[in-house]
């Protein structure tokens, strides 16, 4: 059964600092997604990673995928308050069966 | 282009009552999904559909039924609501080619008392 683990689950950062969120999954998959969710809101797609070694960047966020290690990372560079949100990774197992991690609640403090 | 819409946005049910949640998408997507999100957890897949007239069970299907009579609509039914079904329900849709990226609706907050 596909399991997805994220860590840390809670992250409090100072503005301007860098940090990485990790997403491990248990079975082979070649599709991994990162989403952002603000409190009381729906999920917003951040990145779609479809192959080993894929790296995508948008602003202060960069995501990468290592399918051999079954690991994806979401790196935050020079954090700003607007990045405060919950970040989820999701992995597709069987036929379009998407499994989500528990989420990382990020708080960026001034 | 509204994307994915859900009705209702909020609902309170008593134990044993039934209700149907409606999801509609205007992106001509083949695949549609229903998830539930509980506090402190990621989304869990309830049921999904790969096309009109077809549905399949996801990770947590018990207590729910679904129907996809039209391509653009995906209905989630609770026949006899239980307090354990208190949750936020999200619908999503995706294409069946390319990245299969899922687009999410705004959610329905359901409370069962």
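The values are calculated or read from the model by the stated rules, or taken from the named source; none is laboratory data. Given the structure is predicted, the values throughout are model-derived calculations rather than measurements. So basically every Cβ, Gly included, is an ideal-geometry build from the backbone, and we count neighbours across all protein chains shown.
Annotations for the structure displayed:
- Checking each residue in the range B:19-60 for being in contact with a strand residue (DSSP E or B) (Cβ under 6 Å, 6 or more places away or on another chain), touching a residue at least 24 places away in the same chain (Cβ under 8 Å) and either closer than 14 Å to residue B:85 by Cα or loosely packed, with under 12 Cβ neighbours inside 10 Å (or both) picks out B:19, B:20, B:21, B:34, B:35, B:36, B:37, B:38, B:43, B:46, B:60.
- Within the span defined as the range B:93-109, one or more residues are under 17 Å from residue B:8 (Cβ atoms), in a strand (DSSP E or B), within 10 Å of another protein chain (Cβ to nearest Cβ) and over 11 Å from the mean Cα position of the chain (by Cα).
- The set of residues in the range A:1-21 being over 21 Å from residue A:69 (Cβ atoms), assigned to a strand (DSSP E or B) and away from chain B (no Cβ under 14 Å) consists of A:11, A:12, A:13, A:14.
- The set of residues in the range A:52-84 that are touching a helix residue (DSSP H, G or I) at 6+ places or on another chain (Cβ under 7 Å) and either in a strand (DSSP E or B) or modelled with pLDDT under 95 (or both) contains only A:76.
- Here residue B:81 meets the list (1) free of Cβ contacts under 8 Å to residues at least 60 places away in the same chain; (2) over 18 Å from residue B:106 (Cβ atoms) almost entirely, failing just condition (1).
- Any chance residue B:65 is more than 22 Å from residue A:36 (Cα to Cα), under 11 Å from the mean Cα position of the chain (by Cα) and away from chain A (no Cβ under 14 Å): yes
- Qualifying residue in the range B:25-46 (condition: in a strand (DSSP E or B), more than 14 Å from chain A (Cβ to nearest Cβ), modelled with pLDDT of 95 or more and in contact with a helix residue (DSSP H, G or I) (Cβ under 9 Å, 6 or more places away or on another chain)): no
- Any hit, the range A:85-93, residues being out of contact with any helix residue (DSSP H, G or I) (no Cβ under 7 Å at 6 or more places or on another chain), modelled with pLDDT of 95 or more and either away from chain B (no Cβ under 12 Å) or part of a loop (DSSP other than H, G, I, E, B) (or both): yes
- Of all residues in the range A:31-50, those that are within 11 Å of another protein chain (Cβ to nearest Cβ), loosely packed, with under 14 Cβ neighbours inside 10 Å and not in a strand (DSSP E or B) total 2.
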